[in-house]
Amino acid sequence: MIALEVQKSISNSLQNLKNIDGLKRLFWSQLNYERVNKELSRRRMTDAVKNELIDDPLLLASGGNNTFHVIYARLKSEDLSRQGERSVVNNLLKKHPYALFVFSNQSQSRWHFINVKYDSSPQKRKLFRRITVGEGEQLRTATERISLLDLDSINPDASPLDIQTRHDEAFDVEGVTQEFFKEYRKTFEKVESLIQWTTDSERKRLFTQKLFNRLMFIGFIQKKGWLKFQGRIDYLSALSEAYQDEDGTSNRNFYRDRLSLLFFTGLNNPQEIDIAGINNGGFLKELIGTVPYLNGGLFEQDEDDKNYQIIIPDDCIKSILHDLFQRFAFTVTESTPLDVEVAVDPEMLGKVFEELVTGRHESGSYYTPKPIVYFMCREALKGYLKTQVSGESSDAIAQFVDEHIPDKIKNSEAILEALHQVRTCDLACGSGAYILGMLHELLDLRQCLSANTGLDSKNVYHRKLDIIENNLYGVDIDIFAVNIARLRLWLSLAVEYEGDNPPPLPNLKYKIEQGDSLIAPSPSTTGVIRHEFINQYRQKKAEYMRTHEGGKKRKLEQEINELKTQIALVTHGSSKVQGFDWAVEFAEVFADGGFDIQVANPPYVRQELIKHLKPTLQKVYPAVYTGTSDLYCFFYARALQLLKPGGMLAFISSNKWFRAKYGEKLRKHIADNCQVHSITDFGELPVFKSAATFPMVFIGQNSKSDNVSSIFTQVKYLNPPYPNVLEIIRENGQILAKDALKGSSWSLTDMTNGNRLRKMEATGIQLNEYIKGKIYWGIKTGFNKAFIIDDTKRAELIIQDQKSVEIIKHLAVGDDVRKWRLESKKRWLIVTPIGVNINHYPAVFAHLKQWQAELEKRYDKGKYWWELRACDYYPVFEQPKIVYPEICKEPRFAFDQNSLFLNNKAFIIPSNDLYLLGVLNSKPVWEYLKNICSVLGDADKGGRLELRAIYISKIPIPNASTTEREAISKIVQKCLDAKGVDCEAWEKEIDERVAALYGL
């Protein structure tokens, strides 16, 4: 059969999969596996595993000369328990290492196809990946994926490993994710263009986003069977088909006639009561079926929802339902690191939001890959538990948090109590990646500690609710991000509720809040006076979270706001401050000293875009403020203000602050106040696929201790064990020297290298002192097209006016600078300093005038549009000088005596000191620079170094006798005369002499 026919046939089989015969037909006839049909005895299974099964598992089929097995097992439960499946698979894998496992519930109405893949950790942890088949499931994804398992399409002589590899590929959720992304973007843009509303594009886009959020929520929640229309649980499809079958008038509209009733009367309503339930349906049931009253902010009717001039044509909804909901399988269970549904899960809401919809990249926001989220949450929790619970070894806590094995824990009660008490916050929460990550981690840790008590679903529901209520907080400036984060928490909670009448969703208004995290005053230590309000405040907020009756909810809100005002007056002396007022909004946290954990991916916004915030930031963060700091730097400072003493900080941000001038004060602030646990630097590796942000993960603790080692890891590639960050650190992490992170001077290198650097530093003085601070940047024109010309244009301008030669200078760019020589190209620079009388140079003036509009817009210009920016050192370019490029992957210091001007991709040192040039071009200095410069890539494998003045100025220049200086200078002169050709022997001698001067 051709591929399309195979898929059609398999789709038909999956739709009608109601018994073991259907499964046999699928594997024996359609997917071409060998028939086996042999029972596997349960005799040697433990009682716990036996009790999961209704009868013996069946070795149904095989491939690869009977070495790859398809095994079917029927569970006793109706709900396809994941824990049950995991225990059965773990038992069977020992004898069947290459296998696909198929489970059904007792009635054989729901099925899981399970692929087990091992991760790249040394423990080879098992990753369970599922495809679900059954009533209410969209089977297109299942059909496409299961069709890939056809044995004939792999290889008639396939080995078990070949077959397993194909199965691993078929169950790869990344393929589903990418396809969904593509389709979502296309559908979103189509719907946005179809909505009839004359307004600005941003408002229309946000309205479209809200429509998608609501329908996506229903798309997920209908999987629970809580929404029914005419007995069907594929709710949206049933509702849409009933509407299309109506003999209606031409003036009908699906959104207005059905969806708005569903959103604003059924799932929520202004009266905040269960109208559908009270009326037992009535006319409402005929139009929207049976729906639960879910409350929550998602379905609150705002001004745009009440604007009846906005028309959402039926084609919009049809496109969403047909192109997204009926095409892809949805699952309400968010994947965890070791359990993945091959379907669209609620995490997709976050990814879609951050990557595609609201232009969050413009606000510096990027979606953190899930393995990194889990790594950061776990590192923070390990640090927290070590601080909170005495008497537990680091190994025991690490094994408990990283592997969920509590065997070495001595005091389980104390650990459990610490997990109950922890308060974690993401101060730039976006769509909630870290909040959800922390929810999963806390839940898993509490479950593995409580495993001996047994866990039914209700317990898990209440445990999640407890974590949401007591342990998680988040803030973001973007209300749509906040809505998505709340939505994901609601979905995560809803998935655990078993039964037909779910309770209304908790009110998350005072848990995940909107506001500017940075600009409010630092939350000062809570005074005694405030404590009289705190208990009341804490109690009212907890009540509000679980209250769903409209009148009572509004009364509580009023009482909470009154308490806020009183707390604010005592704290600030006024009732309102600018930005998100941490001290007031989360007063109950600061009454106890602050948060235990801050975990975040702060937005990466360049300093040029935050000019309006700088006066406020300077006032709030005097210890770290510099005018050129990018926004994320202030999130570090704020996070430390929000943490308790000993609290944990886990951030992923740009690595630029480690080495940049603007990071000096932040480095000092962290060195003085923080114990750095680990720094994992990804350099320019694409951790965020959509951005080059030079990311690194920083784990620190808000306390000082000389007893804890700091580990630095330079990640050099994204091959396995990536994305297992912990394993990368174990393999490549280097313990930093004790004084490596001292003040603003950080040396991110291991002890051996650190000792080498200190030895070099002890032999002389820094370059900055040696040359009296004279390192100059090349000329920045702001518009090269006008100011940089070729030979032909230069000749033309001189012919037109002989005086032009006075202000046209020979130019070299960074790429022209090579080791020992300058490869001078035929480039020239028009030099018009501030104050130049441009009327003396009519030909040049006429040339520049053709770009007057562009030159006037320049940021880098002088007083008039024809002038270059201010520069005090033009005469230096005409002197003998050492020159070097801004970025290079080997030493490239050269000497110029020909009055060359340089562009802004190079630096100059006005000096004819050939001894200095020899030292700078030497191997020991290059090794030194590899340890202190910002590196683009792997410095040992052709990665480029950024030779900014801040780094270069620190090079130690060794003291040398006159004899030694002269000897090195003579060899350097030979290299200059040879223009760097065949200089290897001389360079080797320079390297050896310089190394000896350093005592290496």
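The values are calculated or read from the model by the stated rules, or taken from the named source; none is laboratory data. Not measured: the values here are computed from a predicted model. No Cβ is skipped: glycine too gets one built from the backbone with ideal geometry, and neighbour counts run over all protein chains shown.
Overview of results
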{"quantity": "Extreme residue, farthest from Val70 (Cα to Cα), among residues of the stretch 162-191 that are among the aromatic types (Phe, Trp, Tyr) and either part of a helix (DSSP H, G or I) or free of Cβ contacts under 8 Å to residues at least 12 places away in the same chain (or both)", "calculated": "Phe188"}
{"quantity": "Condition broken by Lys223, with the remaining ones in (1) surrounded by 16 or more Cβ atoms within 10 Å (Cβ to Cβ); (2) at pLDDT 85 or above satisfied", "calculated": "(2)"}
{"quantity": "Residue match in the stretch 939-957 (condition: among the hydroxyl-bearing types (Ser, Thr, Tyr) and either modelled with pLDDT of 90 or more or touching a Gly at 6+ places or on another chain (Cβ under 7 Å) (or both))", "calculated": "yes"}
{"quantity": "Residue within the stretch 760-770 that is part of a loop (DSSP other than H, G, I, E, B), at pLDDT 95 or above, within 27 Å of Gly980 (Cβ to Cβ) and under 43 Å from the mean Cα position of the chain (by Cα) present", "calculated": "no"}
{"quantity": "Among (1) in a helix (DSSP H, G or I); (2) in contact with a Ser or Thr (Cβ under 6 Å, 6 or more places away or on another chain); (3) touching a residue at least 60 places away in the same chain (Cβ under 8 Å), the one test that Glu854 misses", "calculated": "(2)"}
{"quantity": "Among the candidates Leu868, Leu902, residue that is part of a loop (DSSP other than H, G, I, E, B), hydrophobic (A, V, I, L, M, F, W, C) and in contact (Cβ under 8 Å) with a residue 40 or more places away in the chain", "calculated": "Leu868"}
{"quantity": "Of all residues making up the stretch 645-665, the number that are more than 17 Å from the chain's Cα centre (by Cα), surrounded by 23 or more Cβ atoms within 10 Å (Cβ to Cβ) and over 13 Å from Ser745 (Cβ atoms)", "calculated": "3"}
{"quantity": "Only one of Leu936, Leu945 that is surrounded by fewer than 22 Cβ atoms within 10 Å (Cβ to Cβ), outside the structural domain of Asp860 (by TED's automatic domain parsing) and closer than 30 Å to Val687 by Cα", "calculated": "Leu936"}
{"quantity": "Search result, residues across the stretch 478-508 that are assigned to a helix (DSSP H, G or I) and either in the same structural domain as Trp226 (by TED's automatic domain parsing) or aliphatic (A, V, I, L, M) (or both)", "calculated": "Ile479, Ala481, Val482, Ile484, Ala485, Leu487, Leu489, Leu491, Leu493, Ala494"}
{"quantity": "Qualifying residue in the stretch 351-359 (condition: surrounded by 21 or more Cβ atoms within 10 Å (Cβ to Cβ), at pLDDT 80 or above and not assigned by TED's automatic domain parsing to the domain that holds Glu413)", "calculated": "no"}
{"quantity": "The lone exception for Asn753 - which of (1) surrounded by fewer than 18 Cβ atoms within 10 Å (Cβ to Cβ); (2) polar (S, T, N, Q); (3) touching a residue at least 24 places away in the same chain (Cβ under 8 Å); (4) part of a helix (DSSP H, G or I) it fails", "calculated": "(1)"}
{"quantity": "Sole residue being farther than 29 Å from Val883 by Cβ, touching a strand residue (DSSP E or B) at 6+ places or on another chain (Cβ under 9 Å) and outside the structural domain of Pro371 (by TED's automatic domain parsing), chosen from Gly733, Gly764, Gly754", "calculated": "Gly754"}
{"quantity": "Helices (runs of 4 or more DSSP H) (entirely within the stretch 14-128) containing at least 2 residues that are surrounded by fewer than 15 Cβ atoms within 10 Å (Cβ to Cβ) and not assigned by TED's automatic domain parsing to the domain that holds Glu403", "calculated": "47-50, 82-93"}
{"quantity": "Of residues in the stretch 808-842 being of a type in the set (Val, Ile, Thr) and surrounded by 15 or more Cβ atoms within 10 Å (Cβ to Cβ), the one farthest from Gly862 (Cα to Cα)", "calculated": "Val817"}
{"quantity": "Residue match in the stretch 448-455 (condition: buried (at least 19 other Cβ atoms within 10 Å of the Cβ), within 29 Å of the chain's Cα centre (by Cα) and not assigned by TED's automatic domain parsing to the domain that holds Ser81)", "calculated": "no"}
{"quantity": "Filter result for Gly862 (surrounded by fewer than 13 Cβ atoms within 10 Å (Cβ to Cβ), assigned to a loop (DSSP other than H, G, I, E, B), modelled with pLDDT under 95 and not hydroxyl-bearing (Ser, Thr, Tyr))", "calculated": "no"}
{"quantity": "Inter-residue pairs, beta-carbon under 8 Å, first farther than 15 Å from Asp345 by Cα and at pLDDT below 80 and in the stretch 118-138, second of a type in the set (Asp, Glu) and in a loop (DSSP other than H, G, I, E, B), 6+ apart", "calculated": "Arg125/Asp119; Gly136/Asp234"}
{"quantity": "Residue in the stretch 679-695 that is farthest from Lys941 (Cα to Cα), counting only those that are crowded, with 22+ Cβ neighbours inside 10 Å and modelled with pLDDT of 85 or more", "calculated": "Ile679"}
{"quantity": "Of all residues in the stretch 1-11 being assigned to a helix (DSSP H, G or I) and over 40 Å from the mean Cα position of the chain (by Cα), the one that is nearest to Asn105 (Cα to Cα)", "calculated": "Ser9"}
{"quantity": "Residue count for the stretch 915-938, restricted to those that are of a type in the set (Asp, Glu) and touching a Ser or Thr at 6+ places or on another chain (Cβ under 6 Å)", "calculated": "0"}
{"quantity": "Cross-chain or 6+ apart pairs with Cβ under 9 Å, the stretch 140-161 first and under 14 Å from Leu14 (Cβ atoms) and modelled with pLDDT under 90, then of a type in the set (S, T, N, Q) and in a loop (DSSP other than H, G, I, E, B)", "calculated": "Arg140/Gln326"}
{"quantity": "Candidates Thr680, Thr713, filtered to the one that is without any contact (Cβ under 8 Å) to a residue 60 or more places away in the chain, touching a Gly at 6+ places or on another chain (Cβ under 7 Å) and in a strand (DSSP E or B)", "calculated": "Thr713"}
{"quantity": "Search result, residues across the stretch 414-443 that are of a type in the set (Asp, Glu) and touching a Leu at 6+ places or on another chain (Cβ under 9 Å)", "calculated": "Asp426, Glu441"}
{"quantity": "Some residue of the stretch 433-447 being within 29 Å of the chain's Cα centre (by Cα), surrounded by fewer than 19 Cβ atoms within 10 Å (Cβ to Cβ) and not in a helix (DSSP H, G or I)", "calculated": "no"}
{"quantity": "Residue match in the stretch 527-538 (condition: closer than 25 Å to Gly432 by Cβ, surrounded by 19 or more Cβ atoms within 10 Å (Cβ to Cβ) and of a type outside the set (S, T, N, Q))", "calculated": "yes"}
{"quantity": "Filter pass, Thr199 being within 30 Å of Asn307 (Cα to Cα) and part of a loop (DSSP other than H, G, I, E, B)", "calculated": "yes"}
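One line per residue, one yes/no per condition, for (1) among the aromatic types (Phe, Trp, Tyr); (2) more than 25 Å from Pro97 (Cβ to Cβ):
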{"residue": "Arg140", "(1), (2)": "no, yes"}
{"residue": "Thr143", "(1), (2)": "no, yes"}
{"residue": "Leu148", "(1), (2)": "no, no"}
{"residue": "Pro156", "(1), (2)": "no, no"}
{"residue": "Val176", "(1), (2)": "no, yes"}
{"residue": "Phe180", "(1), (2)": "yes, yes"}
{"residue": "Thr198", "(1), (2)": "no, yes"}
